[in-house]
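Quick notes on the structure that follows.
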Amino acid sequence: MRVLIIEDEAPAFRRLHKILEELIPYLELIDVLDSVESAVQWFGKGERLDVAFMDIQLSDGLSFEIFEQCNVPAPVIFTTAFDEYLLNAFKVNGIDYLLKPIKPEELRRSLIKLEQLRSIFSVDKQQEIKDLISSIQLTDKQYKSRFLVRQGSKLLSVPSEDVACFHIKSGVLFLQTFTNERLIMDQTMDEISRQLDPKQFFRANRQFLINFRFIRSVEKYFKGKLLIKTSFETDEPVTVSEEKATEFKKWLDQ
């Protein structure tokens, strides 16, 4: 699958590229652009592509300006940290709208949607896209149900539902149970985040990945942040940034 990515934030690009490589066996990343101007010039060359991933807020304007200046001959999946551009996205070539940080399961659904809407593409591309998307694992993901952790010379198997949160402190990742038992983990927070059911666990910030049942209440905090009151006191406040507040509220309301 020939993919174009238009994104001006390096961490966001790396995350998207990594997930695409995991989902699509024969990914061909044909280019990475970071501005409206460079995108207009690129599309003017008439390159062939199957799908474009576009961040909405680019270094020199909104990606919607690209459509005003040139023809975009492919479906587009928009990626953004904000939800106010949803209507505009579907007025152009948008077939989906993903909020950052992008989750693998949501991106997988977007790729499936791309295959399902293949009738909007030219006939010579339909079978190619269908064959490629069919190689994506479409079965329901099995999330991790237990974590094997070391406690001194002992090995403990902790059920996921017994985990209140995962917490990074001084560079060390801890698993904390609802009985407030703290255990050291060997994995990274990103690895654990991908293994857990996103309906049950939420990455509140860089330090905390929390279980829904760990939340007692949510309050407004300074600078647009949200403060999460938890079942027991943590070493530091559990907050959600202003950028992630909308995503967090949607997660609470699902």
Of all residues in the range 162-198, how many are of a type in the set (Lys, Arg), touching a residue at least 60 places away in the same chain (Cβ under 8 Å) and either touching a strand residue (DSSP E or B) at 6+ places or on another chain (Cβ under 8 Å) or over 22 Å from residue 229 (Cβ atoms) (or both)?
-> 1
Quick one: in the range 204-251, which of the residues that are among the acidic types (Asp, Glu) and touching a residue at least 24 places away in the same chain (Cβ under 8 Å) is nearest to residue 194 (Cα to Cα)?
-> 247
Taking first residues from the range 54-68 that are over 10 Å from residue 39 (Cβ atoms) and second residues anywhere that are assigned to a strand (DSSP E or B), the pairs with Cβ under 6 Å that are 6 or more apart or on different chains are 55/79; 56/62; 56/78; 56/80
Taking the range 171-192 and keeping only residues that are surrounded by fewer than 18 Cβ atoms within 10 Å (Cβ to Cβ) and not in a strand (DSSP E or B), one is left with 171, 178, 179, 180, 181, 186, 187, 188, 189, 190, 191
For the range 9-33, how many residues are surrounded by 12 or more Cβ atoms within 10 Å (Cβ to Cβ), aromatic (Phe, Trp, Tyr) and outside any helix (DSSP H, G or I)?
-> 0
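Working only within the range 69-85, note down all residues that are touching a residue at least 40 places away in the same chain (Cβ under 8 Å) and out of contact with any Pro (no Cβ under 9 Å at 6 or more places or on another chain). Explain how you work it out, then say what you get.
Of all residues in the range 69-85, those touching a residue at least 40 places away in the same chain (Cβ under 8 Å) come to 74-75, 79, 81-83.
Those that are touching a residue at least 40 places away in the same chain (Cβ under 8 Å) and out of contact with any Pro (no Cβ under 9 Å at 6 or more places or on another chain): 74, 75, 79, 82, 83.
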Check whether at least one residue in the range 113-121 is farther than 16 Å from residue 63 by Cβ, modelled with pLDDT under 85 and among the basic types (Lys, Arg), and report yes or no.
-> yes
Is the range 194-209 home to any residue that is exposed (fewer than 13 other Cβ atoms within 10 Å of the Cβ), under 28 Å from residue 109 (Cα atoms) and at pLDDT below 95?
-> yes
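The values are calculated or read from the model by the stated rules, or taken from the named source; none is laboratory data. Only a predicted model underlies this, so the values are computations on that prediction, with no experimental measurement involved. No Cβ is skipped: glycine too gets one built from the backbone with ideal geometry, and neighbour counts run over all protein chains shown.
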